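S.K.: This structure is in structure tokens; I'll ask about it shortly.
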Amino acid sequence: MKERPLTQYIPDSGTLHLREYEAVGGYAALRKVLREMTPAEVTALVKDANLKGRGGAGFSTGMKWSFVPMDVPGPRYLVANADEMEPGTFKDRWLLEGNPHQLLEGMIISAYAIQATEAFVFLRWAYKYAAHEMRRAIADAYMAGYLGKNILGKDFNLEMQLHTGVGRYMCGEETALLNSLEGKRATPRAKPPFPQVSGLFGRPTIVNNVETLSWMPHIVNNGPEWFKSLSYTGDGGTKIYGVSGKVNKPGAWELPMGVTMRELLEEHAGGMKNGYRFRGALPGGASTDFLTDAHLDVKMDFAGVAAAGSRLGTGTMVVLDDHTCPVGFVHNLEHFFAQESCGFCTPCREGLPWTEKILLSLEKGTGTMADIEQLDMHTRLLGPGNTFCALAPGAMEPLQSALKYFRDDFEQHVKEKKCPYAHHSH
Amino acid sequence: MPIIHIDNKPYEVKDGKNLLEAVLSLGFNLPYFCWHPALGSVGACRQCAVKAFRDEQDTKGRLVMACMEPVRDNMRISIADSDAAGFRKHVIGWLMTNHPHDCAVCDEGGSCHLQDMTVMTGHNYRDYHFTKRTYNNQYLGPFLNHEMNRCIQCYRCVRFYKDFAGGKDLDVFAAHNHVYFGRQQDGTLESEFSGNLAEICPTGVFTDKTLKQHYTRKWDLTTAPSICQGCGLGCNIIAGERYGSLRQITNRYNGDVNGYFLCDRGRYGYEFVNSKERITEPLVRHYPGDAANGQPVLHHVRNRMKAGKVIGIGSPRASLESNYALKELVGAEHFYLGISENDHELVSLMLKILQQGPVRAATMQEAAAADAVLILGEDLTNTAPMLALSVRQAVRRIPVQEVVSSIHMPAWQDAAVREAVQESKGPLFILNVLETKLDELAAGAYHTAPDNIARIGFAVSHLLSGQVPEVTGMSDEGKAAAQKIAAALKAAKNPLIIAGYSSCNEAVIKAAANVAWALKEQGIDAMLSFTVPECNSMGLEMLGGHRLDSAIDEVMNGNAATVIILENDLYRRMDQHTANHFFDRCKDVILLDHLFNATAERANILLPAATFAEADGTLVSNEGRAQRFLQVFTAAGSMQESWRWLLQIATLNGHPVLQHLAHLDDIVVAIQQRYPVFTGIESLTPPADFRMAGQKIPRETHRYSGRTAMQANLHVSEPKPPEDEDTALSFTMEGYRGEPPSSVIPFFWAPGWNSVQSVNKYQVETGGPLHGGNPGKRLIEPKVNAQTKFYMEAPQPFLPLSGHLLLVPVYHIFGSEELSVHTPGIAERMPAPYIMLHSEDARRFQVTEGHLLYFTDKGHQYALPVIINDKLQKGAAGIPVGLPHMQVAEAPQLVKI
């Protein structure tokens, strides 16, 4: 059995509570940090480990922390991005529900590294059970002296709050999350300035993903070399991968970074269900490009998936089978993205509903070849940099790759004036 | 200065600007929506995309939004690049997916930024064939129409209304392509600056509701540069006419004065011009049928003037020219300022302080750049609204200067800067008898009686200068306030001290001067700003005249028989009993005015005076800035400028000086010669014989329509347009089509820019001065090396007196000004008469809200319904000023209850 540091202690059902967490070595890393390490040393350690953010962008976490100006007076903040709303993604939920203290310990260590005095868990609205457990975990951590004033008797204070969102995908974007946390509209902010410099309430702020933060105790306890050794590739650590779709065993697994798509699909997800053929998959959530059976040997790390023309994203794969209409599949996604657009910038606010309407029209058999060209145009025009944030470019990734790999399906909708999959009800 | 390369040509640009500002300032056409020079950049609309290249070798480049990119030396960009142009075209395409096809019936059509930008990008074919989203509109009050379907979600409305102007009741709701801009529920927009939404909105979501009542396209208006008559600040406006009625007031950019904005009194208060109450023909009373009885009216005037001693009463709302003409006509010794004693005391004191003291009067733009502000006894939002807007910007700007260095972002990065600034504000201190809207921004707001305000001001100046004696008997609270204020002012580089007429207290003005002078003594470049009651209060005071009280004495003593009153309702200058008495004693009253008012009821001869829209004239603002307003249209009937009436009377009388004057230029020169204080007003606007390429400057656009048809019901042939013998402007669409001098811009228009955004083309740089300089001439400059003669005597503290209340005036932006209340929408927003008490005083006099409170003044009894406000000084009673038909005793004064 390979090492599964993040998930090995998560019970089959229920939650690992404080005493159980401590019993398996929980909070030892925090003790070590507060006893032996300076904040700069913690940052250096995380930098050495080359931990890349697990929220989707894959940016070096240590690097991100190092941008926090440590010399400006006033508060600094740490935020755990637990607003997991990427369609097809359910990896953070596993960590939140199963081992909340691992996240808390990671957050306290991270807060120490950037000398934050307040930390927030921004949790997806729908994660009711996680909210319940997180609330309890925070209360327990306060009782045990891991939070509050003079943590473990040291000169370090940290207050922590759980904030539950109201169900906006946009809040997964860190700057929109910060606006929402401030009580403002969840619209993104322009970067620069980056949150590290001007984040929550205009103060230096670090926003990290749940999975990213949960790594901290392990990296402190075992060191950067150990972290790197867990992986098959240059991107260190393990990764929680997931598969959904018409596979035999949909689920999530903690595996060495860099497993192939084939291994994921066949060994862990149990292959396609009987009667269903694999046509393609979104490798890292709804906002990533389709990969097809030609890519099954692609290594699922940041560089590998990028080289194949997609993104590792959250590492949770959505599988398209041969009974599901790719146009309908993408329509469903664009409906989601159009609805979740915050409405701030023109291309996203107006462009996404347009693509959604075209896709619906194709599904209804009223689409034209010009409509397909219009979709092509949108995939080009809603590219990175043209829109205010990454939502619309992300929304275009499944569409542009569907147009590339499944173009015949699109054109068939026009020619036959109907959805050729209509008789297969899903 | 950085060099940027635009489509491979080098241009020098100003450092610190963004690319959009830079290219617009260079004269390029680059479309935009969400950016505004006064609001900065947020990058929402994505309309100003250009291609940016890494270096000369980079041929691929990437799209960037010009408004979000700081200019950098050696930057290489392309506006013409096909990707950039294509993207800009598509942005319009996206906006058009939901924008209705209603230009033909939209009020914005023809002056619509969205139309202009659509044409500019070349988007002319709609390939979206699905349904459009629709909204419900809201009722937003009498000033603005709401048509949300037209919205292109540029966010400028809320950024202006909330962020810039501090409004609370307009916001953005919902998300994705259903974003909604409006109020939580239907209702009148509360901000005093709401009308600016009609200009800030790039399309027809917010449009001028008063214009809608008598709608005309921008291109069909006859327009002229004018000056707002609503208060003493002298905001620059453009007034537009069609079919003989005034249709609309819009902003006329003046970088030193009002910038891009106006207050709602200024924008909407114009409808008195079209009022049914206008005096349109001369009227001679006490003759059969009240007609002139066949004789020319001027003969009647001459006869009355011959009948006995004549005195003239001037007006702070009449032009310098008209006041001068009256003063000359009746002789300086018989000319009286038509203002209350109080106003005269205060304005003459302000004038003296500004003329003889070492501290300059701030322009409104300088006020907006102050780094500490002290307001003594003024509720600016109601007495000088646009100055309140300037103070708001000053308070916001100060912490911006700090954060731009800490987050390394330029100040125009609006969202980023606001985020970093959060709630921090620059030092603002307000001392007023009552709470004010600006209190929410203040580091300290103290509500106390005018005398106490003056005492704190004296105490502040004592802390700043040893020359000012200590104020004895100060309360601990007053001492603490003074110390806090003094410390903040001392730490500033350009502190601004504001006081004015509304506290009706000379000591408050003196205290303001003391503070500013003490700062100056410390080497701090302090500024003063005094509010004045009316549009030409300062000009009238500079012209000079006797006190109104002496005029009353003259009449009462039987010395004067005939009184010529210039554009003045004396019932607003004195209580009605005194006024009645005065008129009873006058043998003849000759009134030149616009409207039938209480004074007109008492006049024997009425001469119809042109309003600002039908007249040329000069006003001097509170800052001492002389500004010229030009006639928009020729009034119907016999209405003409008061000065023209007076010149005609003078000619008939054979007046030695005036009989030689006929035109505006003549009278302006005569004023200058007679009163050197007005030197320079000659060149406020070009003279009447000024021509550009041999032509006059047309008041009408080249698209003006209907001129051959609009009078066809009267005569089949097109009438000859009236000649304008007074100015360089013509009343036609013919004339010079280029950019006129900045003082005589009748409308903002440039090829491809039909909306108000075309002002970019008239500026040296976006948001900067107009070409040739911002119009107006400052007549008052400080004596920089003047020996500071501090005021030494602080007043005694105010102490509530048993059985008495100190009546203090409360000003209302909608209601306190005489002429603007003739706009139905403004009348709708006027308060009902009241007397405002502190709840403890209400208990003292055993009244509650709604009860009538009776008091006596000079033997006359008054009764007013009580309202309670605990932000009012105890022992004081606030009464609204200037409401029509509300005759109230003089304030301030102590009255027995």
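S.K.: I need every pair where a residue in the range A:338-359 that is within 7 Å of another protein chain (Cβ to nearest Cβ) and β-branched (Val, Ile, Thr) has its Cβ under 7 Å from the Cβ of a residue that is surrounded by 24 or more Cβ atoms within 10 Å (Cβ to Cβ) and not in a loop (DSSP other than H, G, I, E, B), sequence separation at least 6 or different chains.
M.R.: Note: pairs meeting the criteria are A:THR346/B:VAL91; A:THR346/B:TRP94; A:THR346/B:LEU95.
S.K.: Given the criteria part of a loop (DSSP other than H, G, I, E, B), at pLDDT below 95 and not charged (D, E, K, R), does A:GLY25 qualify? Full working, then the answer.
M.R.: Values: part of a loop (DSSP other than H, G, I, E, B): yes; at pLDDT below 95: no; not charged (D, E, K, R): yes.
No: the conditions fail for A:GLY25.
S.K.: Same structure, new question: Give the residue, chosen from B:GLU328, B:GLU333, B:GLU321, B:GLU345, that is closer than 21 Å to B:PHE612 by Cβ and either charged (D, E, K, R) or part of a helix (DSSP H, G or I) (or both). Outline the logic, then answer.
M.R.: Details: B:GLU328 fails: closer than 21 Å to B:PHE612 by Cβ; B:GLU333 fails: closer than 21 Å to B:PHE612 by Cβ; B:GLU345 fails: closer than 21 Å to B:PHE612 by Cβ.
One residue alone meets the criteria, B:GLU321.
S.K.: Grab the strands (runs of 3 or more DSSP E) fully contained in the range B:749-860, keeping just those with 3 or more residues being surrounded by 21 or more Cβ atoms within 10 Å (Cβ to Cβ).
M.R.: Details: elements: B:804-810, B:835-837, B:852-857.
Qualifying strands (runs of 3 or more DSSP E): B:804-810, B:835-837.
S.K.: Checking the condition closer than 25 Å to B:ARG625 by Cβ and among the charged types (D, E, K, R), which residue from B:ARG674, B:ARG703, B:ARG691, B:ARG707 passes? Lay out the reasoning, then the answer.
M.R.: Numbers: B:ARG703 fails: closer than 25 Å to B:ARG625 by Cβ; B:ARG691 fails: closer than 25 Å to B:ARG625 by Cβ; B:ARG707 fails: closer than 25 Å to B:ARG625 by Cβ.
The unique qualifying residue is B:ARG674.
S.K.: Tell me the residue from A:GLU105, A:GLU20, A:GLU97 that is free of Cβ contacts under 8 Å to residues at least 12 places away in the same chain, outside any loop (DSSP other than H, G, I, E, B) and not aliphatic (A, V, I, L, M), please. Steps first, please.
M.R.: Working: A:GLU105 fails: free of Cβ contacts under 8 Å to residues at least 12 places away in the same chain; A:GLU97 fails: free of Cβ contacts under 8 Å to residues at least 12 places away in the same chain.
One residue alone meets the criteria, A:GLU20.
S.K.: Among the residues of the range B:1-32, write down those that are assigned to a loop (DSSP other than H, G, I, E, B), within 14 Å of another protein chain (Cβ to nearest Cβ) and in contact with a Ser or Thr (Cβ under 8 Å, 6 or more places away or on another chain). Even if it seems obvious, please write down each step before you answer.
M.R.: We begin by selecting, within the range B:1-32, every residue assigned to a loop (DSSP other than H, G, I, E, B); these are B:1-2, B:7-8, B:13-17, B:26-32.
In the following step, the residues that additionally are within 14 Å of another protein chain (Cβ to nearest Cβ) were identified as B:31-32.
Result: B:PRO31, single match.
S.K.: Scan B:CYS231, B:CYS201 and give me the residue that is under 30 Å from A:TRP354 (Cα atoms) and away from chain A (no Cβ under 14 Å).
M.R.: Numbers: B:CYS231 fails: under 30 Å from A:TRP354 (Cα atoms).
Only one candidate qualifies: B:CYS201.
S.K.: When you go through (1) buried (at least 18 other Cβ atoms within 10 Å of the Cβ); (2) more than 14 Å from chain B (Cβ to nearest Cβ) one by one for A:LYS418, which number turns out not to apply?
M.R.: (1) is the only condition that A:LYS418 fails.
S.K.: Still on this model: Restricting the search to the range B:377-413, which residues are within 14 Å of chain A (Cβ to nearest Cβ) and surrounded by 24 or more Cβ atoms within 10 Å (Cβ to Cβ)?
M.R.: Of everything in the range B:377-413, just one residue is within 14 Å of chain A (Cβ to nearest Cβ) and surrounded by 24 or more Cβ atoms within 10 Å (Cβ to Cβ), namely B:GLN413.
S.K.: Tell me, which strands (runs of 3 or more DSSP E) wholly within the range B:144-192 include 2 or more residues that are of a type outside the set (Gly, Ala, Ser) and more than 14 Å from chain A (Cβ to nearest Cβ)? Walk me through it before giving the result.
M.R.: Values: elements: B:144-146, B:171-173, B:180-182.
Here the list reads B:144-146.
S.K.: Check every one of the strands (runs of 3 or more DSSP E) wholly within the range B:579-676 and list those with 1 or more residues that are hydroxyl-bearing (Ser, Thr, Tyr) and touching a residue at least 24 places away in the same chain (Cβ under 8 Å).
M.R.: Correct list: B:617-620.
Residue-wise test of (1) surrounded by fewer than 24 Cβ atoms within 10 Å (Cβ to Cβ); (2) under 26 Å from the mean Cα position of the chain (by Cα).
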residue	(1), (2)
B:LYS437	yes, yes
B:ARG455	no, no
B:GLY466	yes, no
B:LYS484	yes, no
B:ILE524	yes, no
B:LEU543	yes, yes
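S.K.: Taking B:ASN196 as the residue in question, decide whether it is crowded, with 19+ Cβ neighbours inside 10 Å, within 14 Å of another protein chain (Cβ to nearest Cβ) and not in a loop (DSSP other than H, G, I, E, B). Working first, answer last.
M.R.: Working: crowded, with 19+ Cβ neighbours inside 10 Å: yes; within 14 Å of another protein chain (Cβ to nearest Cβ): no; not in a loop (DSSP other than H, G, I, E, B): yes.
Considered against the rule, which asks whether it is crowded, with 19+ Cβ neighbours inside 10 Å, within 14 Å of another protein chain (Cβ to nearest Cβ) and not in a loop (DSSP other than H, G, I, E, B), B:ASN196 comes out as no.
S.K.: Another question, if that's okay. Quick test of your reading of the structure: B:THR131 fulfils all but one of (1) hydroxyl-bearing (Ser, Thr, Tyr); (2) touching a residue at least 12 places away in the same chain (Cβ under 8 Å); (3) within 14 Å of chain A (Cβ to nearest Cβ). Name the failing condition by number.
M.R.: Looking at each condition in turn, B:THR131 falls short on (2).
S.K.: Also, I was wondering about something else. Restricting attention to the range B:5-19, which residues are in contact with an Asp or Glu (Cβ under 9 Å, 6 or more places away or on another chain), touching a residue at least 60 places away in the same chain (Cβ under 8 Å) and within 19 Å of B:PRO37 (Cβ to Cβ)?
M.R.: The answer is B:LYS14, B:LYS17, B:ASN18.
S.K.: Now for a separate question. Mind checking whether some residue in the range B:55-71 is out of contact with any Phe, Trp or Tyr (no Cβ under 9 Å at 6 or more places or on another chain), assigned to a loop (DSSP other than H, G, I, E, B) and within 14 Å of another protein chain (Cβ to nearest Cβ)?
M.R.: The answer is yes; a qualifying residue exists.
S.K.: I'd like the residue in the range A:137-155 that is on the phi > 0 side of the Ramachandran plot and not in a loop (DSSP other than H, G, I, E, B) and, out of all such residues, is nearest to the chain's Cα centre (by Cα).
M.R.: Start the filter on the range A:137-155 by keeping residues that are on the phi > 0 side of the Ramachandran plot, which leaves A:145, A:148, A:150, A:152-153.
Okay, now just the ones that are also not in a loop (DSSP other than H, G, I, E, B), so A:148, A:152-153.
Working: A:GLY148: 29, A:LEU152: 32, A:GLY153: 35 Å.
Among them, the one singled out is A:GLY148.
S.K.: Here is a further query. Within the group A:ALA80, A:ALA44, which residue is under 22 Å from A:LYS128 (Cα atoms), modelled with pLDDT of 95 or more and among the small types (Gly, Ala, Ser)?
M.R.: Going through A:ALA80, A:ALA44 in turn, just one is under 22 Å from A:LYS128 (Cα atoms), modelled with pLDDT of 95 or more and among the small types (Gly, Ala, Ser): A:ALA80.
S.K.: Mind checking which residues of the range A:191-218 are over 16 Å from A:GLN115 (Cα atoms), away from chain B (no Cβ under 11 Å) and part of a helix (DSSP H, G or I)?
M.R.: Result: A:VAL210, A:GLU211, A:THR212, A:SER214, A:PRO217, A:HIS218.
S.K.: Just to be sure, is A:ASN221 of a type outside the set (Gly, Ala, Ser), assigned to a loop (DSSP other than H, G, I, E, B) and at pLDDT 95 or above? Walk me through how you get there before you give the answer.
M.R.: Details: of a type outside the set (Gly, Ala, Ser): yes; assigned to a loop (DSSP other than H, G, I, E, B): no; at pLDDT 95 or above: yes.
The answer is no for A:ASN221.
S.K.: Turning to a different aspect of this structure: Can you tell me which residue among B:ALA38, B:ALA44 is in a loop (DSSP other than H, G, I, E, B), in contact with a Cys (Cβ under 8 Å, 6 or more places away or on another chain) and touching a residue at least 24 places away in the same chain (Cβ under 8 Å)?
M.R.: Values: B:ALA38 fails: in contact with a Cys (Cβ under 8 Å, 6 or more places away or on another chain).
B:ALA44 is the lone residue from the list that is in a loop (DSSP other than H, G, I, E, B), in contact with a Cys (Cβ under 8 Å, 6 or more places away or on another chain) and touching a residue at least 24 places away in the same chain (Cβ under 8 Å).
The values are calculated or read from the model by the stated rules, or taken from the named source; none is laboratory data. Just so we're clear, the structure is a prediction, and the values are computed from it rather than from any experiment. Because the Cβ atoms are built from the backbone with ideal geometry, glycine has one as well, and the counts that use them run over all protein chains shown.
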